[in-house]
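Just so it is clear, none of the values below were taken in a lab; they were calculated from the coordinates. Every value quoted in this text rests on a predicted model; they were computed, and no experiment measured them. Virtual Cβ from ideal backbone geometry, glycine too; neighbours counted across all protein chains shown.
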Amino acid sequence: MLQRIIGFILGGLTIWILLSLTDSMSGDSGPKWAFSILIGLLVALLWPWVIGIILVRRAKARRKDEIDQEVAEQLAAQNKNQ
């Protein structure tokens, strides 16, 4: 439920921003509305995947840093014993 609410808010903000930016351009307003609504819908639908990809990359980088730190500690301990 919260995911849908956040999606609606992000999609609405995207539509509003795009309409505000394209309002200064001259021409027919129909394609502006269609373009803004299409991009807003895509943002509302795809934002969980984008956030998921970002969080997975952060978790992988954090795990890699922990492994590198552990390897460095083990190498330091091994060199100290020799």
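Annotations for the structure displayed:
- Angle in degrees between helix 2-23 and the longest Cα principal axis of the chain, rounded to the nearest 10: 60 degrees
- Test item: Cα-centred dipole of the chain, Lys/Arg +1 and Asp/Glu -1 on Cβ, debye: 180 debye
- Enclosed volume per residue, in Å³, of the convex hull spanned by Cα atoms of segment 2-81: 112 Å³
- Dipole of segment 2-81, positive end: most advanced residue of TRP49, ALA77, LEU21 [Cβ charges, Cα centre]: ALA77
- Angle between the chain longest axis and helix 29-81 axis [Cα atoms, degrees, rounded to 10]: 10 degrees
- R0 of 35 Å, Cβ-Cβ distance GLN82-ALA59: FRET efficiency to nearest 0.05: 0.50
- Among LYS32, LYS60, LYS80, a tally of other beta-carbon atoms within 10 Å of each Cβ gives an order, fewest to most, of LYS80, LYS60, LYS32.
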